[in-house]
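The block underneath contains the structure these notes are about, expressed in structure tokens.
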Amino acid sequence: MDIDQIRRINLCDLEKMHGASALAKKAGMSPAQFYNLRDGAKDSKTGKPRGMRKETAWKLEDAAGVKRGYLDILHAGENAINKESPALSELDRDLLDQFHRFKTDRQQIEIIGYVKGKADELAKSKSSQNTRQVSQKKTGTNN
């Protein structure tokens, strides 16, 4: 998940608290501009979702009365991301659903540590495989 996805998720939370039109007006933009930011409207040249500049994020944060940087951080509690967040892929939704089955912070921290450890193991394994393949190509051997 990248910063733009996180900002879109948090922007949806701000919209629920303040309303799209009111928040857009306070931030000095039209509702259409707000919706384009929230939905990650695609750039007409690249076809990729447009990002949100930090200055734009600051305007929205100021308009909503939250601290600057609020949009950049995933929040727990009432503003936690959920499966309905529009910026999540289907895989993200499935993983999030599984993650939230762990009820305590300690359980969630343990699972994060476990996943990081497995990711490190996988990265080392792939690196080792690539090194062996390069070595085999140099020596002309195949195991």
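The values are calculated or read from the model by the stated rules, or taken from the named source; none is laboratory data. The structure displayed is predicted, hence computed values, not measured ones. Here the Cβ positions follow ideal geometry from the backbone for every residue, glycine too, while neighbour counts run over all protein chains shown. Protein only, heavy atoms only, side chains kept; ligands, DNA and RNA dropped before computing areas. Shrake-Rupley method; radii C 1.70, N 1.55, O 1.52, S 1.80 Å.
The table that follows gives values for the structure above.
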read-out	value
For GLY113: the one exception among (1) at pLDDT below 70; (2) open to solvent by less than 60 Å² (accessible area, probe 1.4 Å)	(1)
Flag for ASP13 being assigned to a helix (DSSP H, G or I), closer than 22 Å to LEU95 by Cβ and either modelled with pLDDT of 95 or more or open to solvent by less than 30 Å² (accessible area, probe 1.4 Å) (or both)	yes
Lone qualifier among GLY51, GLY28 - being part of a loop (DSSP other than H, G, I, E, B) and at pLDDT 90 or above	GLY28
Meets criteria (open to solvent by 70 Å² or more (accessible area, probe 1.4 Å) and modelled with pLDDT under 75) for LYS45	no
Cross-chain or 6+ apart pairs with Cβ under 8 Å, segment 111-128 first and part of a helix (DSSP H, G or I), then surrounded by 10 or more Cβ atoms within 10 Å (Cβ to Cβ)	ILE111/PHE99; ILE111/PHE102
Residue in segment 54-67 that is in contact (Cβ under 8 Å) with a residue 24 or more places away in the chain and in a strand (DSSP E or B) present	no
Complete set of residues in segment 25-58 that are within 15 Å of CYS12 (Cβ to Cβ) and charged (D, E, K, R)	ARG38, ASP39
